[in-house]
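Report on the following structure.
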Amino acid sequence: MAVRTLQLAEMKARGERIVAVTAYDHAMARLVAEAGIRVVLVGDSLGMVMLGYKTTVRVSLDEVLHHTRAVVRGAAEALVVADLPFLTYRVSAEDALRNAARLMQEGGAQAVKLEGGAEVAPTLRRLVDAGIPVMGHLGLTPQSVHALGGFKVQGRTLEQARRLLADAEALEEAGAFAVVLEAVPAELADMVSRRLTIPTIGIGAGAGCDGQIQVLHDVLGLTPRHPRHAKRYAELGDAIVTALKAYAAEVGAGTFPTPEHTWALEPDVLAALEQERED
Ligand code: KIV
């Protein structure tokens, strides 16, 4: 059954945990859907996972659009949330509206996500007023990696914790339908989750959040290294290398392809061709 933004609040009210994961292409989105996961984020982490960038700062709106289209085709029943990349929502609210509209109209996303606290709340409100569901993102906000001085846990000090609580309330007040809490101490994430009526979706924020999100490639073991907050549920990277080595070995040895992987000519065609050559 399709999940939409309003249902996430109902899930929180029922105490039902929300499961979310990132996806960036059609094949993986199809598998995510088959696994029954109904909230899919086309995160700008695609820049690091799929495109080999060092941070998400280089990711463009067109890149997110391209991947969003593919994911929507693979997971039609899911709530597909597309990330607004670096600075695509901070120059002006008009700019943010135009960019978010592209992710929904051209990409097929049903919601967008943006990073930041009280300072982005007025823009978030403009998007929500225009009918665009918005997910917030607090704590370690990777688009600010250079300002934060690296991919570091956030909200540990009293001052940071107070600010994060105030930011979360500002996002809820502005109309966000959910907030991602990334790399935040578990006690603080738990407090935010209890104070908000909208769901919190944690990544490295402990079990007290209303839901969890992980980067798909971390969960599947497709990344060479994974952050402390990720759990690998499979080692597909190893499985892929083993499969490709077997393929290369069989091609090298001439044992692949076999007749079962090819097609035969219709009867008499070969003899006719050979006859023509002799004539
Ligand atoms: O870009 C992304 O994948 C994200 C998640 C880590 C929440 O923002």
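The values are calculated or read from the model by the stated rules, or taken from the named source; none is laboratory data. Predicted model, so just to flag it, every value in this text is computed and none were measured. With ideal geometry, Cβ positions are generated from the backbone for all residues, glycine too; neighbour counts draw on all protein chains shown.
Flag set for Leu265, criterion: more than 16 Å from the ligand (Cβ to nearest atom), exposed (fewer than 15 other Cβ atoms within 10 Å of the Cβ), modelled with pLDDT under 95 and among the hydrophobic types (A, V, I, L, M, F, W, C). Per the conditions (1) under 23 Å from Arg4 (Cβ atoms); (2) surrounded by fewer than 18 Cβ atoms within 10 Å (Cβ to Cβ), the sole criterion not satisfied by Glu119 is (1). Residues in segment 48-103 that are of a type in the set (Ser, Thr, Tyr) and in contact (Cβ under 8 Å) with a residue 60 or more places away in the chain: Thr55, Thr56. Among residues of segment 171-187 that are free of Cβ contacts under 8 Å to residues at least 60 places away in the same chain and within 14 Å of Pro199 (Cα to Cα), those with a beta-carbon under 7 Å from a residue that is within 16 Å of the ligand (Cβ to nearest atom) and in a helix (DSSP H, G or I) at least six positions away or on a different chain give the pairs Leu171/Leu124; Gly175/Leu124; Ala176/Leu124; Val179/Ala168; Val179/Leu171; Leu181/Ala189; Leu181/Val192. Here Glu77 fulfils each of the conditions (1) within 16 Å of the ligand (Cβ to nearest atom); (2) under 27 Å from Ala2 (Cα atoms); (3) more than 15 Å from the chain's Cα centre (by Cα); (4) in a loop (DSSP other than H, G, I, E, B) apart from (1). Take Leu181 and decide whether it is surrounded by 23 or more Cβ atoms within 10 Å (Cβ to Cβ), within 16 Å of the ligand (Cβ to nearest atom), in a helix (DSSP H, G or I) and of a type outside the set (Asp, Glu). Judged against the criteria, Leu181 is not a match. Selection within segment 110-163: residues that are at pLDDT below 95, closer than 19 Å to Arg58 by Cβ and hydrophobic (A, V, I, L, M, F, W, C). The member of this set that is farthest from the ligand (Cβ to nearest atom) is Ala147.
Considered as a group, the residues in segment 207-220 that are more than 12 Å from the ligand (Cβ to nearest atom) and touching a Ser or Thr at 6+ places or on another chain (Cβ under 9 Å) include one that is farthest from Leu46 (Cα to Cα), and that residue is Gly208.
Of all positions in segment 169-179, at least one carries a residue that is aromatic (Phe, Trp, Tyr) and touching a Leu at 6+ places or on another chain (Cβ under 9 Å). Counting just the residues of segment 27-47 that are touching a residue at least 24 places away in the same chain (Cβ under 8 Å) and in a loop (DSSP other than H, G, I, E, B), which one comes out farthest from the ligand (Cβ to nearest atom)? Restricting to residues being touching a residue at least 24 places away in the same chain (Cβ under 8 Å) and in a loop (DSSP other than H, G, I, E, B), the top hit is Arg38. Scanning segment 221-233 for residues that are of a type outside the set (Gly, Ala, Ser), more than 10 Å from the ligand (Cβ to nearest atom) and surrounded by fewer than 20 Cβ atoms within 10 Å (Cβ to Cβ) yields Thr223, Pro224, Arg225, His226, Arg228, Lys231, Arg232, Tyr233. Scanning segment 188-207 for residues that are touching a residue at least 60 places away in the same chain (Cβ under 8 Å) and polar (S, T, N, Q) yields a total of 1. Scan segment 82-107 for residues that are part of a loop (DSSP other than H, G, I, E, B) and over 21 Å from Val180 (Cβ atoms) and the total you get is 3. Tallying residues that are in a helix (DSSP H, G or I), among the β-branched types (Val, Ile, Thr) and more than 28 Å from Glu106 (Cβ to Cβ) within segment 129-169 yields 0. The selection criterion, being assigned to a helix (DSSP H, G or I), over 25 Å from Val153 (Cβ atoms) and free of Cβ contacts under 8 Å to residues at least 40 places away in the same chain, holds for Ala271. When restricted to residues that are in contact with a Cys (Cβ under 9 Å, 6 or more places away or on another chain), under 18 Å from Gly15 (Cβ atoms) and within 13 Å of the ligand (Cβ to nearest atom), segment 184-206 contains 3.
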